[in-house]
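Encoded as structure tokens, the structure appears first; notes follow it.
Values quoted throughout were computed directly from the atomic coordinates according to the rules given, and no laboratory measurement underlies them. Bear in mind the structure is a predicted one, so any value in this text is a computation, not a measurement. Note: ideal-geometry Cβ built from the backbone for every residue, glycine included; neighbour counts use all protein chains shown.
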Amino acid sequence: MNELSAPRTSSLRDHWQLLPLLGLATLLRLWQINESLWLDELHSAWVVSAGVGDVLERAQMGNQSPLYFYLPWATTALLGMSEWSLRLPSLVAGVGLVAMAYGLAYQFTRSRIAAGACATLVALDHNFLFYATETRPYACVQLVAAFQLLVFWRLQDATSVRRRAIFVASTVLLFYLHYTAILLVAGETLFLLTRSFICRQQSSSTEYKCRQHVIDLICIAALTIPTAAHLLDIGSRRDTWTTFINDTSLLLPIYWFSFVSYVAVPVFAVLGTIVAITRRRDEPLNRSVLRLGSSRRSVMATLLLACWLGVPLVIVWLLTVTRIAPLYLGRYVIGAALAPVGFASLCVGFQQSTRSQLTTAALIITYAFLASGMIEQLRYDGRLFGDRTENWRDAVRYVNEGSDLARDSPVFVRSGLLEADRLIGDDSEALRRYCVSPVTSIYRIERLDNEIRPLTTRDAGKLTDENLNQIEASGSAWFIINGTTGTRKRCSEQVVNSLEKEIDRATYTAIQRGLVLYEEQFGHVGVFYVELWEIDDQVTPLDDQPTSPSSIAPP
């Protein structure tokens with residue numbers, strides 16, 4: 001039997017500890033399942049809200065592959081439109097990832113303790129919690145990526161047509177869930193090349209060869225050709241991404257993937273064990289180190305995880321600094337988030353004795369949990385994590401409840417979408433609908449479609465003539481602004497200035513000024529109401545006043 005393969009004598013009963021971990025993972029992921037959706041999630045809700053026939057077009061408008069969106073479409077069609085039904089596919093994928101992490105770690109280490117530690121870390125980790133509770137494709141990407149990695153690892157043991165077909169299929173599925181996830185294959189390719197070079201004298205006839213990998217890559221490329229047009233379309237708009245991808249620091253991955261918890265602390269624990277053992281007087285140094293469990297399997301697993309994470313990071317960093325495509329963002333390589341956790345499990349499995357493994361696992365899990373900030377966040381507002389700060393649900397409810405002020409007043413929406421700045425030169429109805437999508441799906445403003453108007457992301461308060469005319473016609477307007485309190489205030493000031501400039505430009509007007517009322521902030525979503533005050537109707541314009549002396553009445 002090849003050393004990379006796990007023993008086949010274990011049964012499900014040997015892994016009973018996975019069941020309480022799955023229960024814990026489910027409980028933690030249900031904790032915030034019903035909180036308000038934020039902007040990117042609202043795009044998902046809009047994609048599935050009109051029916052299955054519109055999923056493709058609407059998903060591509062948001063630069064997304066449509067495949068994932070058929071999952072929340074199915075759950076909302078069966079269970080109704082709600083926060084939890086939209087997030088249900090991600091929740092299932094997030095819980096499934098705990099089981100997949102357990103199986104992958106067991107394949108790497110052949111240790112139930114190390115596998116349990118890996119599953120526990122995934123159940124508690126901030127990244128995995130967050131993506132498993134939002135209606136975006138990243139939790140599904142993480143699950144499929146872990147499965148694809150497991151298939152690739154087993155190919156190193158023995159290749160077969162069936163395993164290669166599963167590898168190709170899982171890789172294509174990964175790509176169609178999120179296009180940037182294909183970068184993980186580059187890491188696997190580098191690992192295969194490195195392994196072939198290192199073990200060229202020990203290769204087996206059953207091992208996965210580089211030429212076989214090339215054939216599989218050709219099959220993968222052929223199956224992804226249908227997306228070429230959409231990828232070119234996305235690439236044509238890549239300059240807009242620089243508004244939120246502008247930091248190219250090499251230290252960012254340390255924070256994205258909690259390297260301190262999953263790399264530094266485990267290495268420290270292993271080094272501590274080595275120092276402790278080598279100081280024993282009754283054990284020679286060489287035998288002590290060898291008994292720590294170092295093996296070709298663990299070295300190969302470490303190399304695979306390093307390539308699987310490192311290569312995609314290097315690629316997106318190079319693409320960003322060379323301005324080819326700004327992709328240096330954690331979510332675009334989030335499929336590889338399991339790599340540091342897998343390394344931590346390898347450090348646990350590196351220990352020889354059960355006691356050492358339990359001690360190392362307890363140390364890593366305890367530190368990771370305390371460093372996650374979960375306890376502080378729970379004490380602060382009762383949540384496990386505070387990443388979602390946009391409360392669109394309450395903002396829309398506030399506007400709808402205030403509709404009695406003026407039932408015909410228009411509602412202007414600064415969604416914060418990057419595409420909204422194209423409104424300056426593009427007045428298409430499709431773009432308008434997309435830019436007001438946060439308030440026309442699960443959270444719906446009670447207005448006619450033509451009374452909900454989009455604003456640009458930059459200089460949102462500088463109103464166009466069409467917007468000014470619409471406000472003048474109704475005498476008031478609501479504004480929903482995606483941004484902080486400062487953003488809302490700047491926008492309201494710009495709105496008032498736009499109205500004043502319109503008054504100064506007119507030769508005669510019934511409008512004196514705009515007054516901002518009912519300002520409220522719902523997290524990072526602000527709301528304010530503008531009402532127009534009128535001049536006294538008895539005032540006669542200056543041009544109509546009498547000017548001849550005979551027309552002036554005596555005192």
(message) Please list, ordered by chain and number, the residues whose modelled amide H lies under 5 Å from the amide H of Leu455; skip anything fewer than 5 residues away on the same chain.
(response) Val413, Arg414, Ser415
(request) Grab the beta carbon distance between Ala264 and Ala50, set R0 = 45 Å, and tell me the FRET efficiency rounded to 0.05. (result) 0.40
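Please work out the ratio of the alpha-carbon Rg of the chain to 2.2 N^0.38 Å and round it to two decimals.
Working: Rg = 29.6 Å, N = 555, 2.2 N^0.38 = 24.3 Å.
Computed over Cα atoms of the chain, the ratio equals 1.22.
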(request) May I have the pair-distance distribution P(r) for the range 43-155, computed from all Cα-Cα distances with 10 Å bins from 0 and rounded to whole percent? (result) 15, 38, 28, 15, 3
(request) Sort Arg29, Arg58, Arg195 so that the residue with the fewest other Cβ atoms within 10 Å of its own Cβ comes first and the one with the most comes last. (result) Arg195, Arg58, Arg29
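Arranged from highest to lowest average of other beta-carbon atoms within 10 Å per residue, in what order do the peptides 109-120, 378-389 appear?
On the way: 109-120: 25.3, 378-389: 13.1.
Output ranking for 109-120, 378-389: 109-120, 378-389.
Can you give the alpha-carbon Rg of the range 392-534 over 2.2 N^0.38 Å, where N counts its residues?
Numbers: Rg = 14.0 Å, N = 143, 2.2 N^0.38 = 14.5 Å.
This ratio for the range 392-534 stands at 0.97.
Helix-only mean residue ellipticity at 222 nm, the chain, DSSP H runs n ≥ 4 weighted -39,500 (n - 2.57), per residue, nearest 500. What is it? Walk me through the numbers before you get to the answer.
Numbers: 23 runs with 301 residues, N = 555.
The helix contribution divided over the chain gives -17000 deg cm²/dmol.
Of all the C-alpha pairs in the range 308-409, what % are more than 17 Å from each other?
Working: 3818 of 5151 pairs.
More than 17 Å apart: 74 percent of the Cα pairs in the range 308-409.
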(request) Excluding residues on the same chain fewer than 8 positions from Lys462, give the lysines whose Cα lies under 25 Å from its Cα. (result) Lys489, Lys501
(request) Give, in nm to one decimal, the length gained when the segment between Thr248 and Asn469 is fully stretched (0.36 nm per residue of separation minus the Cα-Cα distance). (result) 75.1 nm
